[in-house]
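**Student:** Below is one structure. I have some questions about it.
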Amino acid sequence: MNFLLETLQVIVMSIYYNMEAFVRLFIPPKNKNVTGEIVLITGAGSGIGRLMAEKFAPLGVSLVLWDINQEGIKETSRLVKEKGATKVHYYLCDCSDKADVYRVADKVKREVGDVSILINNAGIVTGRKFMDAPDSLIEKTFEVNTMAHFWTYKAFLPAMTANNHGHLVSIASSAGLIGVNGLADYCASKFAAIGFAESVALELLATGKDGVKTTIVCPFFINTGMFDGCNTKWPLLLPILDPDYVANKIIEAILTDQVYLLLPKTMYLVICLKNIMPVKLGILLGMYLGAFNFMDAFKGRVKKVE
């Protein structure tokens, strides 16, 4: 194609995609049928991981639950069976350990089958200022929040690409889109997780594997205990999120193949403003929203995989 033809194509398709997005504001896409899918959730022993498992329970999927906490994962297994799940498998897995991820992944493939919906949800937060955070905790943050995604993708993506069918879900954070005072290692790990997920999504499109869908979730602080004590200056603008609400929105995003999910909706505006306004004005807005003080009263579960 020549320059003029390609430019015309971009203009026409831009108009079409904008119209499509506008229509979807009023007519949401139909949910896809996930009956028979094998859904693996890391960090399923508590918090959002457990709630997502419960939401998937009545949808006719096979659930594969991973967590480092054996009692937590057993309890999740019991709860999802009460919610209607008939095929539930749980495994003790340390997502920060590459060898353990590969070992348990091989076991899943032998005992359950090829995972078709992978939800990377496990995460930790130190909640300490950068210079106060021990090297070991910084390394652990990246091992769980970032590197584990590499290993789970390596383990389960080949089957998805071979079948041109599957869904990769990254539970990241709004702290992976904008820096937060007191969360240097956490923000860095989530920025990395988002960059990784976006890059793999582009690789899939470039190789024609459009049947493998991707969803990146970026919520504000969630009231699960992981960020216990964190506060928000203006709750109407940036509320501490209800876990059940977040789990429902994530499941909805997966079922409709939504590529990005930011919560609350005001985060879309915040990120947009961050990218277009002068730096000094961005800092002023951050001060107005209380971004410099979110972590002042943090007393969450350090080292806790959520």
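The values are calculated or read from the model by the stated rules, or taken from the named source; none is laboratory data. As the structure is a prediction and not an experimental result, all values here were calculated from the model. Cβ coordinates were reconstructed from backbone atoms using ideal geometry, including for glycine residues, and neighbour counts include every protein chain displayed. Keep in mind that these areas ignore ligands, DNA and RNA; they rest on the heavy atoms of the full protein, side chains included. Shrake-Rupley method; radii C 1.70, N 1.55, O 1.52, S 1.80 Å.
**Student:** Just give me the residues in the stretch 196-211 being over 25 Å from residue 142 (Cβ atoms) and surrounded by 13 or more Cβ atoms within 10 Å (Cβ to Cβ), in sequence order.
**Tutor:** Residues satisfying the conditions are 209, 211.
**Student:** Among the residues in the stretch 249-261, are any touching a residue at least 60 places away in the same chain (Cβ under 8 Å), more than 29 Å from residue 35 (Cβ to Cβ) and surrounded by 20 or more Cβ atoms within 10 Å (Cβ to Cβ)?
**Tutor:** No - not one qualifying residue is present in the stretch 249-261.
**Student:** Also: Quick one: residue 185 ticks every box in (1) in a loop (DSSP other than H, G, I, E, B); (2) in contact with a helix residue (DSSP H, G or I) (Cβ under 6 Å, 6 or more places away or on another chain); (3) among the acidic types (Asp, Glu) except a single one, so which number is it?
**Tutor:** If we test residue 185 against (1) in a loop (DSSP other than H, G, I, E, B); (2) in contact with a helix residue (DSSP H, G or I) (Cβ under 6 Å, 6 or more places away or on another chain); (3) among the acidic types (Asp, Glu), just (1) comes out false.
**Student:** Another question, if that's okay. Of the residues that sit in the stretch 1-26 and are open to solvent by 90 Å² or more (accessible area, probe 1.4 Å) and of a type in the set (Ser, Thr, Tyr), which one is farthest from residue 265 (Cα to Cα)?
**Tutor:** Across the stretch 1-26, the extreme among qualifying residues is 16.
**Student:** Go through the stretch 42-67 and report how many residues are more than 17 Å from residue 224 (Cα to Cα) and of a type outside the set (Ser, Thr, Tyr).
**Tutor:** So the count comes out to 10.
**Student:** Give the residues of the stretch 27-60 that are over 24 Å from residue 165 (Cβ atoms) and open to solvent by 60 Å² or more (accessible area, probe 1.4 Å), sorted by residue number.
**Tutor:** If the condition is that a residue be over 24 Å from residue 165 (Cβ atoms) and open to solvent by 60 Å² or more (accessible area, probe 1.4 Å), then 27 is the only one that fits.
**Student:** In the stretch 153-182, how many residues are free of Cβ contacts under 8 Å to residues at least 60 places away in the same chain and part of a loop (DSSP other than H, G, I, E, B)?
**Tutor:** Number of matching residues: 5.
**Student:** If you don't mind, there's one more thing I want to ask. When the stretch 232-241 is examined, which residues are found to be open to solvent by less than 60 Å² (accessible area, probe 1.4 Å) and either in a loop (DSSP other than H, G, I, E, B) or over 12 Å from residue 174 (Cβ atoms) (or both)?
**Tutor:** Once the filter is applied, which keeps residues that are open to solvent by less than 60 Å² (accessible area, probe 1.4 Å) and either in a loop (DSSP other than H, G, I, E, B) or over 12 Å from residue 174 (Cβ atoms) (or both), the stretch 232-241 yields 232, 238, 239.
**Student:** Suppose we keep only residues that are over 22 Å from residue 36 (Cβ atoms) and of a type in the set (Gly, Ala, Ser) within the stretch 89-120. Which one would you say is surrounded by the most Cβ atoms within 10 Å (Cβ to Cβ)?
**Tutor:** Checking each candidate, the answer is 96.
**Student:** Which of the residues spanning the stretch 131-156 are open to solvent by less than 30 Å² (accessible area, probe 1.4 Å) and among the aliphatic types (A, V, I, L, M)?
**Tutor:** If the condition is that a residue be open to solvent by less than 30 Å² (accessible area, probe 1.4 Å) and among the aliphatic types (A, V, I, L, M), then 133, 137, 144, 148, 155 are the ones that fit.
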